[in-house]
Amino acid sequence: MLQCSKMGTPGCVAIRESSATTVLLGCAVDNTSYGPGETTDDGAEPGAKKVFVKTFGCQMNVYDSERMTEALVGHGYSATSAIEDADVVILNTCHIREKAAEKVYSELGRIRQVKDARRKAGNDTVVTVAGCVAQAEGAEIVHRAPVVDLVVGPQSYHRLPELLRRRKAEGRIVETAFPEEDKFSKLPKRRTIGGPTAFLTVQEGCDKFCTFCVVPYTRGMEYSRPVAELAEEACRLVERGVKEITLLGQNVNAYHGEGPDGRPWPLAKLIGHLASIDGLKRLRYTTSHPHDMSDDLIAAHRDQPKLMPFLHLPFQAGADRILAAMNRKHTARGYLSLVERIRRTRPDIALSTDIIVGFPGESDSEFEATLDVVREVGFAQAFSFKFSPRPGTPAANMSDQIPDEIKSRRLARLQELLDSQQTRFNASCVGRTVPVLFEKPGRHAGQLVGRSPYLQLVHAEADAAWLGRIVPVEISCAAANSLSGVISPL
Ligand code: 5AD
Ligand code: SF4
């Protein structure tokens, strides 16, 4: 059993507003970590200045936004969800597809008006672009959007308090180096009280170099955090009321962090270690690469009751020629036999995936091969995208780029199939009783929303006292994107 020392008391549950790709992080960080008269890490008055963070993109950005906010809370800031009150505005950005990157610039247009209005009222606003657009575009951002004062890449955000101080003296700053020091060990301890679920980045970066993907360039080479550091962070989260932790990494199943014995530990061993934390009820991990789906990790889905029966396993395309051009290191048959092995080991596992349509040169029959894989696997959930050429990636310069109308047509067909599979999977849960971890109040009074082991959203009439608890719910109704049910007598 992993013994956590008492490091703090559980805080109240803050509500995180979220939509599919954007999370406003106004109140997920404990602003009350300092009592009256106490000082912050650098002696500033607690909560005197306000920071507003808007997050785009993946779960790792959600995690990074929390850590950036926490770093600033330690230097006299408090988090706000009202942008017009913010002394510092941070956009934590995503560069994975063109649409995601462009959103940042339209957001900056709106922020310019806020900054102008605040200036007229005599207030300064430091506009910061963080995350993967910052890393990929660097100084180009301040040329294109002069409203921006600070550009900080994902490897440097632990330096934010210092950069904000320097910006006062030096003016605009662009910080996109990959510093020598480990940012995680430089960040303050977690203060987050974002509810009963939390993300924990265990691995960052990627060495796979899929030809369509910017991640190896924006997040750098693969890096795994040491086991002891992760165990400490996980303990701290659990002591603050977290019941479910999702381990994050761009290539999480390639995890090989240093264990307490000085040797590299694989993800399965890390999962076993964290599962021994008393009070932690559920573990998940994302995102995995088929190439790194080891036997011990598959076995953990059978042997480790806290590891949820859900696996996000991108396959990207169904034709081997396209998979080779993508540099995916697996074939369609290889993926299917992996799925078979996983299902043999954990028959009820729900599978999710990522798929790209319209990769350069993809023919109609190659697209049909993608549909065939989807039909053969049957996914509980999936994310599908039109190929978006990203500057600097090999696929962006390949000949035979597919016209947008064809990509749109293929995406519509694929999504129709995926939607029908998701609907079928949800419908198969009706009549079953599943354990639900209630995370937040629902839209209607008296309702709570939580997640099933299979990551489905579940609504139920429930007293607020059930928040943060795992409760059996008999599923009575299934929709495309959620379930609803009735709490079963305990
Ligand atoms: N175009 C379209 N989709 C992409 N993805 C990554 N890069 C691109 C791109 N250039 C998708 C992949 C990946 C997911 C996070 O985003 O499916 O798994
Ligand atoms: Fe990008 Fe994932 Fe491929 Fe790495 S494995 S390059 S993160 S798509």
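The values are calculated or read from the model by the stated rules, or taken from the named source; none is laboratory data. Not measured: the values here are computed from a predicted model. Here the Cβ positions follow ideal geometry from the backbone for every residue, glycine too, while neighbour counts run over all protein chains shown. Ligands, DNA and RNA are stripped out before the accessible areas are found, and what is left, the full protein with its side chains, is counted by its heavy atoms. Shrake-Rupley method; radii C 1.70, N 1.55, O 1.52, S 1.80 Å.
Remarks
- Cα-based Rg of region 333-382 normalised by 2.2 N^0.38 Å, two decimals: 1.26
- Cα centroid of region 167-222 to Cα centroid of region 83-140, whole Å: 18
- Summing Cβ point charges (Lys, Arg +1; Asp, Glu -1) relative to the Cα centre of the chain gives a dipole of roughly 520 debye.
- Ordering 310, 325, 437 by Cα displacement along the dipole of the chain toward the positive end leaves 437 in first place; charges were set at the Cβ atoms of Lys, Arg (+1) and Asp, Glu (-1).
- 5 Å binning of all Cα-Cα separations within region 283-359, expressed as whole percents from 0 upward: 3, 15, 28, 25, 14, 9, 5, 1
- Cβ-derived FRET efficiency at R0 45 Å, residue 99 paired with residue 181, nearest 0.05: 0.85
- Structure-based [θ]222 nm, the chain - -39500 (n - 2.57) summed over DSSP H runs of at least 4, per residue, nearest 500: -10000 deg cm²/dmol
- Per-selection Rg to Rh, the chain - Cα, Kirkwood hydrodynamic radius: 0.96
- Sequence ranges 289-299, 225-235, ranked by mean other-Cβ count within 10 angstrom, highest first: 225-235, 289-299
- Taking amide hydrogens as placed 1.01 Å from N in the peptide plane, the amide H of residue 285 sits under 5 Å from those of 247, each at least 5 positions away in sequence or on another chain.
- DSSP-defined antiparallel bridges as percent of all bridges, the chain, nearest 5: 40
- Residues with amide H under 5 Å from that of residue 384, placed H, sequence gap 5 or more: 355
- Here the Kirkwood formula puts the hydrodynamic radius of region 294-412 at 15.3 Å, using every distinct Cα pair.
- Projecting the Cα positions of 465, 4, 237 onto the charge dipole of the chain (unit charges on Cβ atoms of Lys, Arg, Asp and Glu, taken about the Cα centre) puts 465 furthest along the positive direction.
- Cα-based convex hull volume of region 164-294 per residue, rounded to whole Å³: 141
- A simple rule links phi to the HN-Hα coupling: the Karplus curve 6.51 cos²θ - 1.76 cosθ + 1.60 with θ = phi - 60°, which for region 77-88 gives 9, 10, 7, 10, 9, 10, 4, 5, 8, 8, 7, 10 Hz, with x for Gly and Pro.
- For residue 439, distant residues with modelled amide H under 5 Å away: 449, 450, 451, 468
- Rg to Rh, two decimals, where region 450-490 supplies the alpha carbon set and Rh follows Kirkwood: 0.93
- Surface share of carbon and sulfur [accessible, 1.4 angstrom probe, percent] for region 39-134: 47
- Using a probe of 1.4 angstrom and keeping all protein chains present, the accessible surface of the chain works out to 42 square angstrom per residue.
- A convex hull fitted around the alpha carbon atoms of region 412-490 yields 84 Å³ per residue.
- Partners for residue 407 among lysines (Cα-Cα distance below 18 Å; same-chain residues under 8 apart left out): 99, 386
- Kyte-Doolittle mean at least 0.0, axial Cα span of 15 Å or more - DSSP H helices of the chain: 227-239
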